[in-house]
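J.: Sharing a structure here in structure tokens format.
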Amino acid sequence: MGREGARTEVLSEDFAERRARARERLDAVDPHKRPGGIEADPKRQEWFEAVYALAEGDPAGVPWAHLEPRPMLEDWLQAHSLAGLRALDVGCGLGDNAEALARAGARVIAFDLVERAVQWARERFPRSKVDYQVADLFDAPQEWRGAFDLVHELYTLQALPETLLPGAARALASFVAPGGTLLVISRARDDGEDLGGPPWPLAKKDIEGLAVDGLRLVSLEDIPASGDLARHWRAEFRRDEAGA
């Protein structure tokens, strides 16, 4: 499916109706919608796997699948050159954001916890230059440590319970090479605001808490809601050059 075809599919009423029905089914099987969910499925892996299994090949059944790169990433890419950079796409889903990074010139590894998600991304982009892999954010390959000039995280953190955020912060930081950047895009909430969810929009303190293990927060945009888009954070973190 070309990008224009994908956009038409995303905007269709039928797609929206299928997505709404899928969301109801998924909420019904999500342990985190009930007391004790963290203990039942601490990494939400069983639920993520259920999402792709229940979708049965319909992208409308995957709540974060939009069949095109997310606007907050596309806007950022327009102002940044990635030519020749090593990039890691975290929680790649069906692959649209990873492909956008590759089109911008990066050499991309994209990973997801769920094998079906990775298979689906490969099927959608059979001639892709992106290296799609199955991996766990909390137990990633050792060779990824300090290996990437850009680490891109969009919507993965907001899908995790708050207890996992410190570990996720350390994992993300570990991927960033000297002089490299971590780009985080998430739905936003005020400090003290009811979490609701899942998903759980991040508070400013959650974003600031990602500045660990040598990463510095260098830019934090609070992007207000507009049209169909909710309020978002877009944050950049940087690791200093070695010896700087």
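J.: Somewhere in the stretch 208-225, is a residue without any contact (Cβ under 8 Å) to a residue 40 or more places away in the chain, outside any loop (DSSP other than H, G, I, E, B) and among the small types (G, A, S)?
T.: Checked the stretch 208-225: at least one residue is without any contact (Cβ under 8 Å) to a residue 40 or more places away in the chain, outside any loop (DSSP other than H, G, I, E, B) and among the small types (G, A, S).
J.: Go through the stretch 50-71 and give me each residue that's out of contact with any Lys or Arg (no Cβ under 7 Å at 6 or more places or on another chain) and either of a type in the set (D, E, K, R) or within 21 Å of P161 (Cα to Cα) (or both).
T.: Once the filter is applied, which keeps residues that are out of contact with any Lys or Arg (no Cβ under 7 Å at 6 or more places or on another chain) and either of a type in the set (D, E, K, R) or within 21 Å of P161 (Cα to Cα) (or both), the stretch 50-71 yields A50, V51, E56, V62, W64, A65, R70.
J.: Something else: Could you say whether any residue in the stretch 226-233 is more than 17 Å from the chain's Cα centre (by Cα), over 24 Å from G146 (Cβ atoms), assigned to a strand (DSSP E or B) and among the charged types (D, E, K, R)?
T.: Among the residues of the stretch 226-233, not one is more than 17 Å from the chain's Cα centre (by Cα), over 24 Å from G146 (Cβ atoms), assigned to a strand (DSSP E or B) and among the charged types (D, E, K, R), which makes the answer no.
J.: Residues being buried (at least 22 other Cβ atoms within 10 Å of the Cβ) and not in a helix (DSSP H, G or I): count how many of those fall in the stretch 70-97.
T.: The total comes to 9.
J.: Contact list please: Cβ distance under 8 Å, first residue in the stretch 27-47 and on the phi > 0 side of the Ramachandran plot, second residue of a type in the set (A, V, I, L, M, F, W, C) and assigned to a helix (DSSP H, G or I), pairs at least six apart or on different chains.
T.: Here the result reads R44/A159, each pair linking the stretch 27-47 to a residue that is of a type in the set (A, V, I, L, M, F, W, C) and assigned to a helix (DSSP H, G or I).
J.: I need the full set of residues from the stretch 146-183 which are in contact with a helix residue (DSSP H, G or I) (Cβ under 7 Å, 6 or more places away or on another chain) and part of a strand (DSSP E or B), in order please.
T.: Scanning the stretch 146-183 gives F148, V151, H152, E153, L154, L182, L183.
J.: For the list (1) surrounded by 13 or more Cβ atoms within 10 Å (Cβ to Cβ); (2) touching a residue at least 60 places away in the same chain (Cβ under 8 Å); (3) closer than 27 Å to A203 by Cβ, I need the number of the one condition that T163 fails.
T.: With (1) surrounded by 13 or more Cβ atoms within 10 Å (Cβ to Cβ); (2) touching a residue at least 60 places away in the same chain (Cβ under 8 Å); (3) closer than 27 Å to A203 by Cβ applied to T163, the lone miss is (1).
Matching residues to (1) assigned to a helix (DSSP H, G or I); (2) in contact with a helix residue (DSSP H, G or I) (Cβ under 9 Å, 6 or more places away or on another chain):
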residue: R19; (1), (2): yes, yes
residue: E24; (1), (2): yes, no
residue: A50; (1), (2): yes, yes
residue: L54; (1), (2): yes, yes
residue: H66; (1), (2): no, yes
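J.: Determine whether the stretch 181-199 contains at least one residue that is out of contact with any Asp or Glu (no Cβ under 9 Å at 6 or more places or on another chain), within 24 Å of L82 (Cβ to Cβ) and either outside the structural domain of S226 (by TED's automatic domain parsing) or buried (at least 18 other Cβ atoms within 10 Å of the Cβ) (or both).
T.: No.
The values are calculated or read from the model by the stated rules, or taken from the named source; none is laboratory data. None of the values given here were measured: they were computed from a predicted structure. All Cβ positions, glycine included, derive from the backbone under ideal geometry; neighbour counts span all protein chains shown.
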